[in-house]
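Here is the structure we will look at.
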Amino acid sequence: MEEKQEELGLTVKKSEDFNEWYNQVVLKADMIDYSLVSGCIVFKPNSYAIWEKVQMIFNDKIKRSGHKNCYFPMFIPESLLKKEAEHVEGFSPEVAWVTKAGNSDLNEKLAIRPTSETIMYESYAKWIRSWRDLPVLLNQWNSVVRWEFKHAKPFLRTREFLWQEGHTAHSTKEEAEKEVMQQLFEYADLIENFMAIPVIAGRKTDNEKFAGAEYTTAVEALMPDGKALQMGTSHMLGQNFAKVFGIKFLDRDEKEKFAWQTSWGLSTRTIGAVVMAHGDDKGLVLPPRIAPTQIVIVPIVFKDAKDIIISKAKEIAKKLKAKGYSVELDDRDTYTPGWKFNEWELKGVPLRIEIGPKDVASEQLVLVRRDSNEKITIKIKDLEKKAEQILDDIQNSLFSKAKEYLTKNTAEVHNFNDFLGSIKNRKLAKALFCGQSECETAIKEKAEGATCRVIPFEQKPAKGHCVHCGKEAKSWAVFGKGY
């Protein structure tokens, strides 16, 4: 039993070897398995259940605003993918192609979906005829394939990943721009209030925008290794795709016009962000609002009191489930309580309840918080109220801790030496920026590959000169090294 327990735990500290720590957590917490397909992972139930929670939360959000889910084919004819020149140029290095069916060559190569604009907009052109057909508010949950050649990292960079992609069409630019911002801030709410990860919302530069978009907005987070992570994007496509695909409608004034479009997406890389942002040297730490199991009950059983303890544990589990909590009762008799404690800590369950013979006799329980390892003894009659309070406090504490980290590691800099120092010290650098593409490229070359993550929506007056080229600044921008 002892030997098994050693295998279960992590062998590196998060602060000493972040990359190895991360790889061990996702494997040992039973989140993934590696596949024989290079660059692809198996989502095991422990990670897929988190994604199901994300789907449930986000579906609720978008359905309340009138969006509907659909599904389009994963195969995209080459002629379709190539219709929008900037779009295909942005994706062509990563596209995987199907060229044969059995032993026969296909008449036309089929791309395996890197994103769905082209396959969806071919249909939109058929469906939209009048202003009465607008807006079209569709979303799909699917997988996409982007044949990355960089080193794979589970959840963060894999050749196939899961996401949702929303695609809308509107009669006016104003309506489309409102949609872009609405969805971006739905992402911000999902990430901050459910995943407990603070984000910076803003606009991408032209260098970093989505291929084929008029502009791109994004929410960016900072991971504990000092790298920025793009958590979700919302794109204003304008009329670019509408003109290419012929998405036209007869407006109220009897004039034919092109539709205004948006697209927006959030992927399973957010699972990786949760692992990195909150995990510790014992393994995963899951925020209660996205934890598949919020509470685990571990009975501490002695032979002469086994039936009484298990019966009481089942009664407690039933009460908590009736209140809407996701609860696991671990009554396996092949493992010691200590082994179980370690396993559930590794898997990140927010709250553990321990109950033994003395607890039953005293009508009390021991609650253990996963985030702080604090032990709290309470009366059984107070459990429902206490569980709610503690889970809320864990959620808020995780966010506060992550927010403090982001604040401490975002440095406002006023000269390029300090800028380079911040990047070297694994911080985000907030600086005055001219907005010129050439200047941004030069910064990337000189600053260890740091890019402009976003031009934040929250801006103070940009009085002064660009941190790099010295030209008049247009805005404050946030730079950092990213995944």
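The values are calculated or read from the model by the stated rules, or taken from the named source; none is laboratory data. Values in this document were obtained by computation on a predicted structure and should not be read as measured data. Don't worry about glycine lacking a Cβ; one is built from the backbone with ideal geometry, like all the others, and counts go over all protein chains shown.
Select from region 415-457 the residues that are of a type in the set (D, E, K, R) and in contact (Cβ under 8 Å) with a residue 12 or more places away in the chain and write down the one among them that is nearest to Gly202 (Cα to Cα).
So the residue we want is Arg453.
Just to confirm my filter: which strands (runs of 3 or more DSSP E) fall fully inside region 198-272 and include at least 1 residues that are touching a Gly at 6+ places or on another chain (Cβ under 6 Å)?
215-222, 228-238, 260-267
Which one of the conditions (1) closer than 25 Å to Lys68 by Cβ; (2) in contact with a Ser or Thr (Cβ under 7 Å, 6 or more places away or on another chain); (3) surrounded by fewer than 18 Cβ atoms within 10 Å (Cβ to Cβ) does Asn207 fail to meet, given that it meets all the rest?
Condition (1) is where Asn207 drops out.
With the requirement that a residue be in a loop (DSSP other than H, G, I, E, B) and not aliphatic (A, V, I, L, M), what does region 121-168 give you?
Arg129, Pro135, Arg146, Trp147, Glu148, Phe149, Lys150, His151, Pro154, Phe155, Thr158, Arg159
Give region 377-400 a look and list any residue that's more than 15 Å from Val296 (Cβ to Cβ) and in contact with a helix residue (DSSP H, G or I) (Cβ under 8 Å, 6 or more places away or on another chain), or say none.
Residues satisfying the conditions are Ile378, Ile380, Glu384, Leu398, Phe399.
Would you mention how many residues in region 381-403 are under 24 Å from the mean Cα position of the chain (by Cα) and farther than 17 Å from Leu229 by Cα?
Looking only at that region, the number is 10.
Which of (1) over 30 Å from Ala429 (Cα atoms); (2) more than 32 Å from the chain's Cα centre (by Cα); (3) not acidic (Asp, Glu) does Asn415 not meet, given it meets every other one?
Failing condition for Asn415: (1).
Would you confirm whether or not region 94-102 contains a residue that is surrounded by 15 or more Cβ atoms within 10 Å (Cβ to Cβ), under 17 Å from Phe245 (Cα atoms) and in contact (Cβ under 8 Å) with a residue 24 or more places away in the chain?
Checked region 94-102: no residue is surrounded by 15 or more Cβ atoms within 10 Å (Cβ to Cβ), under 17 Å from Phe245 (Cα atoms) and in contact (Cβ under 8 Å) with a residue 24 or more places away in the chain.
Looking only at helices (runs of 4 or more DSSP H) that fall completely inside region 43-106, which ones have 1 or more residues that are touching a strand residue (DSSP E or B) at 6+ places or on another chain (Cβ under 7 Å)?
45-64, 78-81
Given the criteria assigned by TED's automatic domain parsing to the domain that holds Gly265, of a type in the set (Ser, Thr, Tyr) and under 26 Å from Pro288 (Cβ atoms), does Tyr34 qualify?
no
In the same structural domain as Asn59 (by TED's automatic domain parsing) and not in a helix (DSSP H, G or I) - does that describe any residue in region 178-195?
Within region 178-195, one or more residues are in the same structural domain as Asn59 (by TED's automatic domain parsing) and not in a helix (DSSP H, G or I).
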